[in-house]
Amino acid sequence: MTAPDVGEQTPGEQTIAILYQALEPPVIDGARKEAKPGGYSDSGADIGVALLAAGCTLATPVADPDPTRVFDWVWPDTEEGIAAALDAGATLLWANTVVFEGHPIEAASRKAWIVGPDPQAMQAIDDKAATNARLLAAGLPVAQSWLIDGDGDLDAQLVPFASLTPLVVKPLRGRGSQGVGVARTFGQLAAQVRDLAESRRFGAAIMLEQFLPGQEITITVMPAACRAEATAPFALPPVRRFDQHDDVAPYNGDVPVSRNSAAMTPEECADPAIVAVIAACEEAAALLEIRSPMRIDCRADAHGAQFLFDVNAKPNLTGSGRPGREDEDSLSTLAAAAIGWSYPDFLVATARGAWTNRNLSA
């Protein structure tokens, strides 16, 4: 792996092409991560308009992209789409998509700079149970979780959990809050698990998780390369979640996060429990060797102690700026605004973390 030189890969010196999700994520060990409708083309266009406003050079599918037409700004993340973006002059590919082992971005990383997670690392992180176990083994505060095989004997597998409700039921490789519910009785637990197993929407792998009744927050952690003076991953201010539906944050496609989320104040961030969980998230990001912004959801137990419960290697990066998108800030951009970063500022900082597998000395 060639370490990127920040000076050499300054965003203003690169031609950036933004990729959207055209490839269907594969079923991995019985688990399926559902593709997002539109394949993140909406946030891809948001990113493109903001980067252009920041003075960056873009390679786009059309010569004069219209801010109201999302596909004017983004290229498909297929082998053909990436090749077309490179042929159009792109030297940096912004992987605003879900990547996985064998994704075409792996080959492209030997030709261009990449903004986004490493495909093999993202595939590993998307296994929520394995990631939680890895962080727990490192001594970090992580919610307890268990796996259920949707193809197995559900009744037998659920017997040990009869006295442990409430529990959170979720897909092993989910996206956002889709498929997530809180089971407050054993009957609800059995019904929710059976519904997920029979729908096959997310594959056969189902995760049960310790229910934490306290305040939910989300923390965006940036790679060290995103800030000149940083020597390790650093967290942006936590964002507090509220107006949840039955203790689950609504899917951001249904309710914009700007309506149910707010960055925590400096006074709130000084709370010892928040200080501790911020440090834990930064340690988790270092352990996972992140290469792009990562979002970690956390929640307090009945005593106020915060626990990590969901690591997201591909956080949503929508942002205001395009017509009709004034209410589309993401959790990460709300956090960035709390330290004085505009949406373009946040994206330019993100681009500084670009990585490559090409031989820069050749």
Query raised in the report: From the residues Ala225, Gly324, Gly181, which one has its Cα farthest along the dipole of the chain in the positive direction, the dipole being from +1 and -1 charges on Cβ of Lys/Arg and Asp/Glu about the Cα centre?
Result: Ala225
Query raised in the report: Can you give the accessible area of Trp75 in Å² (nearest 10), computed on protein heavy atoms with a 1.4 Å probe?
Result: 30
Query - Calculated on alpha-carbon atoms, Rg and Dmax of the chain in Å - result: 20.2, 63
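Can you figure out the FRET efficiency of Asp151 with Asp195, using R₀ = 22 Å and their beta-carbon distance, to the nearest 0.05? Present the calculation step by step, with values, prior to reporting the outcome.
On the way: r = 15 Å, r/R0 = 0.68.
Step by step, r from the Cβ atoms, then E = 0.90.
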Report task. Read phi for every residue in region 258-269 and hand back ³J(HN,Hα) as whole Hz from Karplus 6.51 cos²θ - 1.76 cosθ + 1.60, θ = phi - 60°, with x for Gly and Pro. Result -> 5, 8, 9, 8, 8, 5, 6, 6, x, 5, 5, 5
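Scanning the chain for helices, which whole DSSP H stretches are 15 Å or more long along the axis (Cα) and average -1.0 or more by Kyte-Doolittle? All intermediate terms of the calculation are to be shown ahead of the outcome.
Details: long enough: 41-53 (18 Å, 0.95); 186-199 (20 Å, 0.02); 272-287 (22 Å, 1.73).
For the chain, where a helix must reach 15 Å along its axis and average at least -1.0, the hits are 41-53, 186-199, 272-287.
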Requested in this report: Give the long-range amide H neighbours of Asp77: residues separated by 5 or more places, or on another chain, with amide H under 5 Å away, using H modelled in the peptide plane at 1.01 Å from N.
Outcome: Tyr20, Ala22, Leu23
**Report entry** In Å², nearest 10: area of Glu209 left accessible to a 1.4 Å probe
**Finding:** 10
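Which FRET efficiency value, to the nearest 0.05, do you get for Ala230 and Glu106 by plugging their Cβ-Cβ distance into 1/(1 + (r/R0)^6) with R0 = 22 Å?
Numbers: r = 27 Å, r/R0 = 1.21.
E between Ala230 and Glu106, to the nearest 0.05, is 0.25.
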Query raised in the report: Can you give the helix-only mean residue ellipticity at 222 nm for the chain, where every DSSP H stretch with n ≥ 4 adds -39500 (n - 2.57) and the sum goes over all residues, rounded to the nearest 500 deg cm²/dmol?
Result: -7500 deg cm²/dmol
Query raised in the report: So what is the relative contact order of region 26-149, in percent, for Cα pairs below 8 Å that sit 6 or more residues apart?
Result: 16
Query raised in the report: Where a Cα-Cα gap under 29 Å defines reach, which lysines qualify for Lys128, not counting those fewer than 8 residues away within the same chain?
Result: Lys33, Lys36, Lys170, Lys314
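Could you order Arg322, Arg184, Arg110 so the one with the most accessible surface comes first? Probe is 1.4 Å. Let's see the in-between values first.
Values: Arg322 15, Arg184 90, Arg110 150 Å².
The ordering from most to least exposed comes out as Arg110, Arg184, Arg322.
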Report summary line: Rounded to whole Å², per residue accessible area for region 94-160 with a 1.4 Å probe reads 40
Report summary line: With all protein chains present and a 1.4 Å probe, the order of Asp155, Asp77 from largest accessible area down is Asp155, Asp77
Query raised in the report: At a probe radius of 1.4 Å, what is the per-residue accessible area of Ile278, in Å² to the nearest 10?
Result: 30
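If you build the convex hull over the alpha carbons only and average its shadow over all orientations, what do you get for region 272-362? Give it in nm² to one decimal.
With every direction weighted equally, the projected area is 8.5 nm².
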Report summary line: Order by accessible surface, 1.4 Å probe, largest leading, for residues Thr356, Thr165 comes to Thr165, Thr356
Report task. Run the numbers on region 306-362 and let me know its relative contact order in percent, using alpha-carbon pairs under 8 Å that are six or more apart. Result -> 21
Query raised in the report: Tell me, what HN-Hα J-couplings in whole Hz come from the Karplus equation 6.51 cos²θ - 1.76 cosθ + 1.60 at θ = phi - 60° for each residue of region 138-152, using x for Gly and Pro?
Result: 7, x, 8, x, 10, 4, 5, 8, 9, 9, 10, 8, x, 8, x
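The values are calculated or read from the model by the stated rules, or taken from the named source; none is laboratory data. Bear in mind the structure is a predicted one, so any value in this text is a computation, not a measurement. Cβ: placed from backbone, ideal geometry, glycine included. Neighbour counts: every protein chain shown. Side chains are part of the model used for accessible areas, which takes the heavy atoms of the whole protein and leaves out ligands, DNA and RNA. Shrake-Rupley method; radii C 1.70, N 1.55, O 1.52, S 1.80 Å.
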